[in-house]
Every structure is written in C-alpha cells, then in structure tokens.
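The values are calculated or read from the model by the stated rules, or taken from the named source; none is laboratory data. A quick note: this is a predicted structure, and the numbers were derived from the prediction, not measured. For neighbour counting, all protein chains shown are included, and Cβ atoms are generated from backbone atoms with ideal geometry for every residue, glycine included. The protein model used for the area step is the full one, side chains on, heavy atoms only, and it has no ligands, DNA or RNA in it. Shrake-Rupley method; radii C 1.70, N 1.55, O 1.52, S 1.80 Å.
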Amino acid sequence: MEEVEEIIEVNGKKIKLDEDGYLADFKQWDKEVAEYFAKRDGVVLTPKHWEIIYLAIDYYKKFQISPLAKTFHKLLTEKYGLNFSVNNLDNLFPLGYYNSVLLYSGLRSCC
C-alpha cells in the first residue's frame with residue numbers, strides 16, 4: 001500500500017509532513033509553522049513556550065537529533081532548577097508537553 005504524504009499550507013508555503021504528522025524536513029520550520037500547529041491545538045504561544053521550543057531546537061542543532069523525553073526533562077530541570085515540574089509544562093502544552101514541543105519545534109521523536 002502506498003503511503004500518502006500530507007501537505008499543509010502555512011502563509012503560502014507548502015509544508016510536507018511525515019506519516020505521524022510532524023515536519024518531514026526541519027529546514028521548513030519557522031515561527032509561523034510553530035504558530036500554525038499551536039493554533040490548531042488551541043494553544044497561544046507565549047514567551048515561556050518559545051523558551052522551551054528553542055531549548056529543543058538548540059539541542060537538535062547541537063546533536064543533530066531530537067532530545068529523548070528523559071533527556072529533555074533533564075535539560076528543563078537544569079534550566080529551571082529543582083522546582084521544575086511537569087505539571088507546569090502540562091499547563092503550557094495541554095495535549096502533552098513532549099510531543100507538542102517536538103511538533104512546534106519542527107522536530108520529531110527520534111525513537
């Protein structure tokens with residue numbers, strides 16, 4: 001059976017998604033793409049969202065791989081200290097912080 005690729009349009013740009021609905025090519029990511037996915041999910045991106053999104057992107061740019069959930073949690077704890085709570089992220093990303101952060105960052109789960 002042939003795979004059907006999904007294409008979305010964001011501000012006149014055609015963006016190809018993989019079979020799981022994530023960007024097929026990180027090079028197509030920009031803030032407008034993040035805002036498209038967030039709006040679709042009913043999320044308004046705030047400066048705190050962007051900090052977390054760019055944390056994932058910075059990791060990807062450094063290691064050329066998306067951070068694993070455990071690794072990402074460790075990065076967040078290092079950045080925000082021991083008072084960091086997953087509940088805070090669940091409030092920011094109500095559909096699940098890890099997958100939402102990857103989606104809004106133009107990344108996908110590596111494993």
Tell me, yes or no, whether segment 57-65 has at least one residue that is touching a residue at least 12 places away in the same chain (Cβ under 8 Å) and in contact with a Cys (Cβ under 6 Å, 6 or more places away or on another chain). yes
Residue by residue through segment 80-108, note down the ones that are modelled with pLDDT of 80 or more, not in a helix (DSSP H, G or I) and not charged (D, E, K, R). Gly81, Phe93, Pro94, Leu95, Gly96, Gly106, Leu107
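Only one residue in Tyr59, Tyr54 is in contact with a helix residue (DSSP H, G or I) (Cβ under 9 Å, 6 or more places away or on another chain), outside any loop (DSSP other than H, G, I, E, B) and open to solvent by 50 Å² or more (accessible area, probe 1.4 Å). Which one? Let's see the steps before the verdict.
Details: Tyr59 fails: open to solvent by 50 Å² or more (accessible area, probe 1.4 Å).
Answer to the check: Tyr54.
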Among the residues of segment 12-23, the number that are of a type outside the set (Asp, Glu) and either buried (at least 16 other Cβ atoms within 10 Å of the Cβ) or closer than 12 Å to Leu103 by Cβ (or both) is 5
Search result, residues across segment 5-35 that are under 29 Å from Lys74 (Cβ atoms) and outside any loop (DSSP other than H, G, I, E, B): Leu17, Leu23, Phe26, Lys27, Gln28, Lys31, Val33, Ala34, Glu35
